[in-house]
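Input: a single structure, listed below in structure tokens.
We did not get these values from a lab; they are worked out from the coordinates using the rules stated. In this text the structure is predicted, and so the values were computed from the model without any measurement. Virtual Cβ from ideal backbone geometry, glycine too; neighbours counted across all protein chains shown.
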Amino acid sequence: MEEDYVFKVVVIGDSGVGKTQLLGRFTRDEFHLDSKSTIGIEFQTRTVAIMPSRRRVKAQIWDTAGQERYRAVTSAYYRGALGAMLVYDVTRRATFQHVARWVAELRAHADKSIVVVLVGNKADLAALPGRREVEVEEAGAFAEEQGLFFFEASALSGDNVEAAFMGLLGEIYGAVS
Ligand code: GDP
């Protein structure tokens, strides 16, 4: 199966927000409660058809593989990336407070035209009493102000994972085609 395009996408955000699991859900439809089985693997791919043109896009999606713990995500990681998924955890406010820092990192190291989707992950847990620490409205307003697309999602249930990645890939396709 020949693809028409290859898009590099990077997944960023604080440690433990669910980056590896979102990637696993999108590329293999898998989820692991005890994570880090994929450590050392730099990227995973999935080829999708972009509607309505049906052009085939191979998404090459990069995982930080834990580099963010040491604040050592290098500019090589961002090189050539057409899209970024910036993830926070809706049950850990600090991870949302750090989103602005990740946006600054993108502005400093990534291409000016990079398409960014902000994802509030672990939406399944937000349904439990007392667990939600970031409201949809607040994150949505921040995303709008910064020109980011925004979804809440759950790697565990799979909710909105496809929508977030496909939305990102569709936007990139629109920009390059
Ligand atoms: P990373 O450090 O950002 O790559 O985060 P991981 O993907 O390793 O996930 C960190 C932890 O959160 C793991 O124990 C995952 O099983 C868990 N996790 C990831 N996504 C979700 C989710 O959507 N819902 C719930 N309940 N747990 C999740």
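Details
- Counted residue by residue at 0.36 nm each, then reduced by the alpha carbon distance between them, the extension gain from ASP111 to ARG54 reaches 17.9 nm.
- The label point for ASP159 and the one for SER75, both projected 7 Å from the Cα toward the Cβ, are 4.1 nm apart.
- Dipole magnitude (debye, nearest 20) for the chain, charges at Cβ of Lys, Arg, Asp, Glu: 440 debye
- Compared with the alpha-carbon gap, the fully stretched path from GLN67 to GLU2 is longer by 20.2 nm at 0.36 nm per residue.
- Counted residue by residue at 0.36 nm each, then reduced by the alpha carbon distance between them, the extension gain from ARG28 to GLU144 reaches 38.7 nm.
- Prolate/oblate/rounded label for the chain (Cα gyration tensor, a/c 1.5): rounded
- Measuring r between the beta carbons of ARG131 and GLN97 and using R0 = 22 Å, the FRET efficiency lands at 0.80.
- Ellipticity at 222 nm from helices only: DSSP H runs of n ≥ 4 in the chain, each -39500 (n - 2.57), divided by the residue count, give -9500 deg cm²/dmol.
- Long-range amide H partners of ARG55 with built H, under 5 Å: ILE50
- Within the range 47-86: backbone nitrogen closer than 16 Å to the ALA104 label point (7 Å, Cα to C-beta): 71-73
- Beta bridge orientation in the chain: antiparallel %, DSSP, nearest 5: 30 percent
- Three-way shape call for the range 110-177 based on the alpha-carbon gyration tensor, with the a/c threshold at 1.5: oblate
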